[in-house]
Structures are given as structure tokens and as C-alpha cells.
Number of protein chains: 2
Amino acid sequence: MRLLAALERQPLDRPPIWFMRQAGRYLPEYRQLRADHSFEVAMSTPEIAAEITLQPLRRFPLDAAIVFSDIMTPLMGMGVGIEFKPGPRLDPLTVDHVADLDPLDASTVGFVAETIQRVRSAVAPDVAVIGFAGGPVTLLSYLLEGGGSKHFPRFRAGLHEPRIEEALFVLATSMRVYLESQIEAGADVVQLFDSWAGLLSESMFRRLAVPPALHTLTGLSVPTLYFVPGGSHLLETLPEIGASGYGVDWRLPLDDAWRRVGEDRVIQGNLDPGVLLSSPPAVRAAVEKVLTEAAGRPGHIFNLGHGILPDTPLETVEAMVESVVGAGNRNAIERDRTIAS
Amino acid sequence: MRLLAALERQPLDRPPIWFMRQAGRYLPEYRQLRADHSFEVAMSTPEIAAEITLQPLRRFPLDAAIVFSDIMTPLMGMGVGIEFKPGPRLDPLTVDHVADLDPLDASTVGFVAETIQRVRSAVAPDVAVIGFAGGPVTLLSYLLEGGGSKHFPRFRAGLHEPRIEEALFVLATSMRVYLESQIEAGADVVQLFDSWAGLLSESMFRRLAVPPALHTLTGLSVPTLYFVPGGSHLLETLPEIGASGYGVDWRLPLDDAWRRVGEDRVIQGNLDPGVLLSSPPAVRAAVEKVLTEAAGRPGHIFNLGHGILPDTPLETVEAMVESVVGAGNRNAIERDRTIAS
């Protein structure tokens with residue numbers, strides 16, 4: 001699998017490509033399916049969730065499928081009532097309440113593992129299946145806030161509560177169990193999405209985000225990816241998490257970001273999803289820039305710097321994927337020419 | 001004025017202190033006034049706007065007053081219909097539409113200058129009055145999006161439109177005129193708030209945010225401050241804007257941020273406003289950390305790393321202000337003791 005090879009930093013003719021939210025609203029076939037099924041029904045029904053997971057692979061020659069689900073899904077299995085409209089909404093919890101939750105029993109959300117089994121059987125052997133979970137700090141941000149928020153004031157107040165570490169470790173233990181169930185079901189790689197950890201200062205991140213992320217990921221039996229968007233101030237700190245690779249957003253050039261994380265690391269990224277709202281020529285130029293910055297180093301996984309935006313036109317997505325895959329063909333031709341000469 | 005002295009990098013016994021959104025919702029007297037007047041009426045009526053501007057100075061020994069207004073206010077003077085609920089809401093414009101707007105005639109929003117006149121006459125001579133405007137890129141983000149947004153897709157699509165630079169320069173020319181009118185009315189310092197410029201990659205920031213900010217600020221007759229929150233990836237680029245000083249958010253330790261912007265720069269920041277949701281002892285420790293990182297260097301302006309959060313209790317604000325002002329007293333005693341011995 002090309003994705004696993006990149007995670008092992010093997011030399012490749014081109015980086016593997018997949019992109020965040022590749023199974024989602026920019027696809028007409030997704031919108032059509034969702035017209036008949038709520039988000040909750042779609043993600044908790046393995047046939048439908050697997051179909052949605054596979055949709056982007058029918059259109060584009062991607063190197064990975066990522067299971068269609070939500071980072072809040074396992075919390076429903078822990079007894080937290082959550083609605084999706086489409087972002088998660090719930091009655092805000094306190095830090096004490098979270099600290100007192102029973103850790104996840106993965107069988108309560110067994111439909112995720114079943115979806116992964118279905119996807120693993122359906123895709124080609126060289127396509128990796130990615131499972132995922134939310135970072136403990138990020139899950140806590142939604143739990144304390146009751147959903148998404150501009151400034152997350154309840155969450156930021158909660159960070160100073162006495163039982164904060166305890167609450168985070170309940171979530172970390174649960175996410176570990178959850179990822180293990182996905183690996184057992186056939187996930188080849190797992191990614192931890194720490195979507196709001198970038199709100200933390202570097203020192204708070206080190207104190208509150210790193211230990212539970214480490215606890216979630218260390219010793220899992222497949223390679224792991226960790227991504228915190230808006231984390232330019234955290235790049236130097238990321239290796240403390242001990243993941244196999246790190247996602248970086250679009251804010252810094254890939255070579256600069258890579259230098260900050262560490263040249264010997266696996267890096268995933270980092271095309272600005274905003275560029276996909278422009279035109280195919282602009283997208284091709286932007287892909288070229290990312291590939292130039294990657295400079296063929298081993299350990300590059302091509303991805304967007306954030307989830308694809310819902311109104312993205314298909315033609316720019318096609319231009320992106322073709323540019324990355326085409327780069328491989330060009331490199332292969334170049335290599336054959338070199339050998340022949 | 002202590003603020004001006006810091007902007008000139010004079011040695012001081014303590015940094016000047018003011019904080020973003022100091023005239024606002026965390027103050028009971030503000031909420032009381034706003035119960036009788038809409039945001040629009042409050043900011044466009046000089047008596048009321050001046051009273052709100054002065055409210056925090058009646059409570060705390062701050063070194064500056066910042067005029068109560070909104071970065072979108074001057075756009076109303078340019079004929080854009082905007083409602084505040086409380087964030088700005090408007091019918092989204094196109095890049096072409098913005099490029100075709102007539103630049104601001106500052107007399108259309110003369111109430112802002114009049115508010116500044118009133119505030120300047122009311123405050124003590126050593127208190128600085130700060131005028132402000134929004135950064136052109138940030139104003140454009142609201143104009144294209146129709147208000148605030150999680151991902152600003154219309155804005156990010158607009159960045160690739162042919163007339164983007166033209167649109168930004170209409171806004172830059174207007175903000176320059178606007179700031180000049182505030183300076184003429186008595187503003188001692190002006191700050192450009194580029195609230196959403198941190199969404200831009202470093203290269204897009206250099207191409208689209210720096211030139212109009214430079215055009216807005218260069219050659220103004222008073223010192224200038226520039227602030228982009230979520231801009232950890234831009235710190236090394238900030239000096240290209242040519243402001244007298246730069247705000248930094250809470251994400252990096254002050255000494256690290258200062259090093260990235262440049263040791264010889266004036267830096268404003270950077271207490272995490274989230275800490276003010278905790279307790280006075282935690283706030284005192286956090287202030288101490290900021291002051292330790294500043295290490296008495298000339299050119300430090302104490303501030304929050306972002307606007308104060310609406311639910312902040314007064315006791316933590318008091319603890320913050322007292323800690324900064326108290327540090328000055330301690331330093332003065334220390335200095336006198338040294339001289340006496």
C-alpha cells in the first residue's frame with residue numbers, strides 16, 4: 001500500500017493521496033444519499049456508511065478510504081446524547097461529569113467497526129483503510145461547550161478545573177479502545193483529529209493535549225497520524241505525541257512546516273482547501289508548489305491542509321488528484337528514460 | 001504617556017496596560033447601558049459611545065482608552081447596509097462590487113471622530129486614546145461572506161478573483177482616511193485589527209494582506225499597532241507591515257513570539273483571555289509569567305492575546321490589572337532601594 005510505504009518513509013515515484021472529508025457534501029452522490037437519510041442514520045448503518053466511504057474512490061484514484069463517521073460518534077456510545085445539525089449539539093457537560101463517565105465499550109458503536117470491515121473487503125488491496133477518532137482535548141471542547149463555538153469559553157474555563165486531567169484520560173482511554181476496535185475490523189492506519197487543540201497555548205498543549213494523545217496512540221498495532229489544524233505554534237512540539245506522521249494545515253509552506261516538525265518525520269498535507277474554490281489551472285499550480293516544497297522527500301502524504309469545503313466543484317478536485325497521480329507517471333517515465341539512456 | 005513611551009521603547013518601571021474589548025459586555029455598567037440602546041445607536045451616538053469608552057477607566061487604572069466602535073462601522077459610511085446581531089450581518093458582496101465602491105468620506109461616520117474628541121477631553125493627560133480600523137483583508141472577508149463564518153468559503157474563493165487587489169485597495173484607502181480622521185480628532189495611537197488575516201497562508205498574507213495594510217498605515221502622524229490573531233505562522237512576516245508595534249496572541253510564550261517578530265520590535269500581548277475565566281491566583285501567576293517572559297525589555301505593551309471574553313468575572317480582571325500595575329510599584333521600590341543603598 002502506497003500510504004503505508006510513505007508512513008515507512010520508503011522512496012516512491014509520487015506521494016500517496018487522500019483528502020480530509022473526501023466522503024462528503026461536495027459529492028452529488030453523497031448529497032443524493034443524504035437526502036434520504038439523516039447524518040445519524042447514514043453513519044450508524046454500515047451499508048450506507050460504507051457506500052459513502054467508497055463514493056470518492058469510485059470517482060478518483062485515491063490511495064486511501066477514510067471511514068464515514070464523526071469524531072463525536074463514540075461519545076454517543078458512552079451515553080452522551082448528541083444531535084448533528086450538521087455540527088454536533090448536546091447539553092453542555094461539566095469537567096466532573098466527563099471525569100465520571102464510564103470509558104467506552106466499543107461494542108456500543110460496533111457499526112463503525114462493521115463499516116470498516118465492509119470497506120476493507122470492497123477496496124483494492126493497495127488502498128489503505130483509515131480509521132479515526134477525535135483528540136481527547138477536542139472531544140472535551142465539544143462536551144463542555146455543548147457543540148462548536150467561536151471562542152469556546154466554557155471549554156477554556158474548564159481547562160482550569162481540578163479534575164481536567166482525569167476527564168481527559170477517560171476520553172483517551174475510550175478513544176484507544178475505539179481505535180483498537182477499528183484496527184481489529186481492518187483499519188490499516190488510524191488518525192487522531194485534534195481539531196480544536198490549536199486554541200491552546202504551546203504550554204497548555206504540552207500539559208493537556210500531549211499526554212492523553214500519547215495515551216491514545218502509543219503501542220497501537222498500525223501506523224498513526226495526528227492532526228491539529230491552526231497549529232503553526234505547535235509544530236515543534238508535535239513529535240512529543242509519538243505518532244507515525246503529522247498533518248499540517250495550509251498556513252505555512254510545506255517545507256517550512258516540515259523543518260519545524262522535523263525533517264525525519266512523516267508529513268501529511270498541505271494544499272489550501274480554499275484553492276479548490278478557484279480554477280483547475282490555479283489548482284494545478286498549487287499542487288505543483290506543494291510537490292516542489294516536498295521535493296520528493298520520503299514520508300510525504302499528499303492531503304489538503306483542512307477538510308474539503310462543501311461547495312468545492314468536482315473539476316478542481318479532479319485537477320488536484322490528476323496532478324498528484326500524474327506527477328508519479330511523469331517521474332516513472334523520467335526514471336525509465338534515465339535507465340534506458 | 002506610558003503607552004507612547006513603550007511605543008518609543010523607552011525604559012519603564014512597568015509596561016503600559018490596556019486590553020482588547022475593555023469597553024464591553026463583561027462590565028455590568030456596559031450591559032446596563034446597552035439594555036436601553038442598540039449596538040448601532042450606542043456606537044453612533046458620541047455621548048453614549050464616549051461613556052462606554054470611559055467605563056473601564058473608571059474601574060481600572062488603565063493606560064489607554066480605545067474608542068467604542070466596530071471595524072465594520074466605516075463600511076456603513078461607504079453605503080454598505082450592515083446589521084449587528086451582535087456580529088455584523090450583511091448581504092454578501094462580490095469582489096467586483098467592493099472594487100467599485102467609492103472610497104470613504106470620513107464625514108459620513110463623523111460620530112467616531114466626535115467620540116474620540118469627547119474621550120480625549122475626558123481622560124487624564126497620561127492616558128492614551130486609541131483609534132482603530134479593520135485590516136483590509138478582514139473587512140473584505142466580512143463583505144464577501146456576509147458576516148462571520150467558520151471557514152469563510154466565499155472569501156477564500158474571492159481571493160482568486162482578478163480584481164482582488166483593487167478591492168483591497170479601495171478598503172485600504174478608505175481605512176487610511178478613516179484613521180486620519182480619528183488622529184485629527186485626538187487619537188494618540190491607532191491600531192489595525194486584521195482579525196481574519198490568520199486564515200491566509202504565509203505567502204497569501206504577504207501578497208494580499210501586507211500591501212494594503214502598509215498602504216493604510218505608512219506615514220500616519222501617530223504610532224501604529226497591527227494585530228492578527230491566530231497568526232503564529234506570520235510572526236516572522238509582520239515587520240513587512242511597517243507598524244510601530246505588533247500584537248501577538250496567547251498561543252506562543254511572549255519571549256518566543258518576540259524572538260520571531262524581532263527582538264527590536266514593540267510587542268503587545270499576550271495573556272490568554274481564557275485564563276481570566278479561572279481564579280485571581282491563577283491570573284496573577286499567568287501575569288507573572290508574561291512579565292517574566294517580557295523580562296523588562298523596552299517596548300512591551302501589556303494586553304490580552306485576544307478580546308476579553310464576555311463572561312469574564314470582574315475579580316480576575318482586577319487581579320490582572322493590579323498585578324501589572326503592582327509590578328511597577330515593586331520595581332520602583334526596588335529601584336529606590338538600590339539608589340538608597
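The values are calculated or read from the model by the stated rules, or taken from the named source; none is laboratory data. Treat the numbers as computed from the prediction; the structure is a model and nothing was measured. Cβ: placed from backbone, ideal geometry, glycine included. Neighbour counts: every protein chain shown. Accessible surface areas use protein heavy atoms only, side chains included; no ligands, DNA or RNA. Shrake-Rupley method; radii C 1.70, N 1.55, O 1.52, S 1.80 Å.
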Counting other C-beta atoms within 10 Å, and keeping those with at most 14, which DSSP coil GluC sites (Glu not before Pro) do you find in the range A:1-84? A:Glu8
From the phi angles alone, apply the Karplus equation (6.51, -1.76, 1.60; θ = phi - 60°) to the range B:55-68 and give each ³J(HN,Hα) in whole Hz, x where the residue is Gly or Pro. 3, x, 6, 6, 8, 10, x, 7, 9, 8, 10, 10, 4, 6
On the formula 1/(1 + (r/R0)^6), with r taken between the Cβ atoms of A:Ser121 and A:His97 and R0 of 56 Å, the FRET efficiency rounded to 0.05 is 0.90
5 angstrom amide H check on B:Ala128, placed H, neighbours 5+ away: B:Leu3, B:Ala64, B:Ala65
Please give the net charge around A:Leu101, taking every other residue with its beta carbon less than 12 angstrom from that of A:Leu101, where Lys and Arg add +1 and Asp and Glu add -1. -4
Which value at 222 nm does chain B reach when only helices count, each DSSP H run of 4 or more adding -39,500 (n - 2.57), with the total divided by all residues and rounded to the nearest 500 deg cm²/dmol? -13500 deg cm²/dmol
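Under a Cβ-Cβ cut-off of 14 Å, what is the net charge of the residues other than B:Val248 that fall near it, where Lys and Arg count +1 and Asp and Glu count -1?
Values: positive: B:Arg251, B:Arg259, B:Arg260, B:Arg265, B:Arg297; negative: A:Glu202, B:Asp194, B:Glu236, B:Asp249, B:Asp255, B:Asp256, B:Glu263, B:Asp272, B:Glu293.
Net charge around B:Val248: -4.
Tell me which GluC sites (Glu not before Pro) from the range B:251-341 have a DSSP coil assignment and no more than 13 other beta carbons within 10 Å of their own. It would help to have the intermediate numbers written out before the result.
Working: sites: B:Glu263, B:Glu288, B:Glu293, B:Glu315, B:Glu318, B:Glu322, B:Glu334; in loops: B:Glu263.
Hits after loop and neighbour filter: B:Glu263.
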Roughly how large is the B-A contact in terms of buried accessible area, totalled over both chains, probe 1.4 Å, nearest 100 Å²? 2500 Å²
Surface accessible to a 1.4 Å probe, per residue, for the residues of the range B:2-340, Å²: 36 Å²
Losing no less than 40 Å² of accessible area (probe 1.4 Å) relative to the isolated chain, the residues of the range A:221-245 are A:His233
May I have the convex hull volume per residue, in Å³, for the Cα set of chain A? 124 Å³
List every residue whose amide H lies under 5 Å from the amide H of B:Tyr226, counting only residues 5 or more places away in sequence or on a different chain, with H placed 1.01 Å from N in the peptide plane. B:Leu192, B:Gly245, B:Tyr246, B:Gly247
The answer for GluC sites (Glu not before Pro) in the range A:183-237 that fall in a DSSP coil and have at most 15 neighbouring Cβ atoms within 10 Å is A:Glu236
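Just checking the output field for A:274-286: average partner chain Cβ neighbours within 10 Å of each residue's Cβ?
On the way: counts 13, 6, 2, 8, 6, 1, 0, 0, 1, 1, 0, 0, 1.
Counting Cβ atoms of other protein chains within 10 Å of each residue's Cβ and averaging gives 3.
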So who's got an amide H within less than 5 Å of the one on A:Asn270, skipping anything under 5 residues away but keeping other chains? H placed 1.01 Å off N, in plane. A:Asn303
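How much of the accessible area of the range B:2-340, in percent, comes from carbon and sulfur atoms when a 1.4 Å probe is used?
Working: 6240 of 12250 Å².
Reported share for carbon and sulfur atoms: 51 percent.
Excluding B:Pro280 itself, what net charge comes from residues whose Cβ is under 10 Å from its Cβ, given Lys and Arg +1 and Asp and Glu -1? Don't skip to the answer; put the middle values down first.
Details: positive: B:Arg284; negative: B:Glu315, B:Glu318, B:Glu322.
Net of charged neighbours comes to -2.
Only Lys, Arg, Asp and Glu count, each charged at its Cβ (+1, +1, -1, -1), so figure out the dipole size of chain A about its Cα centre, rounded to 20 debye.
Numbers: 30 positive and 42 negative charges, 140 e Å.
Dipole about the Cα centre, nearest 20: 680 debye.
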Across the range B:237-249, in residue order, what do the Karplus-derived ³J(HN,Hα) couplings come to in whole Hz, using 6.51 cos²θ - 1.76 cosθ + 1.60 with θ = phi - 60° and x for Gly and Pro? 8, 3, x, 5, 7, x, 6, 6, x, 10, x, 10, 7
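Would you work out the charge dipole size for the range A:109-268 about its Cα centre, treating the Cβ of every Lys and Arg as +1 and the Cβ of every Asp and Glu as -1, and quote it to the nearest 20 debye? Show your work: numbers first, answer last.
Values: 13 positive and 18 negative charges, 80 e Å.
Dipole of the range A:109-268, to the nearest 20 debye: 380 debye.
Take every DSSP beta bridge whose two residues both sit in chain A, then give the antiparallel share in percent to the nearest 5. Mind dumping the intermediate values first?
Values: 3 of 27 bridges.
The answer is about 10 percent antiparallel.
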Ordered by residue, what ³J(HN,Hα) values in Hz, to whole numbers, does the range A:166-183 give under the Karplus form 6.51 cos²θ - 1.76 cosθ + 1.60, where θ = phi - 60° and Gly and Pro are x? 4, 4, 5, 6, 4, 5, 5, 4, 5, 5, 5, 4, 5, 5, 4, 5, 6, 5
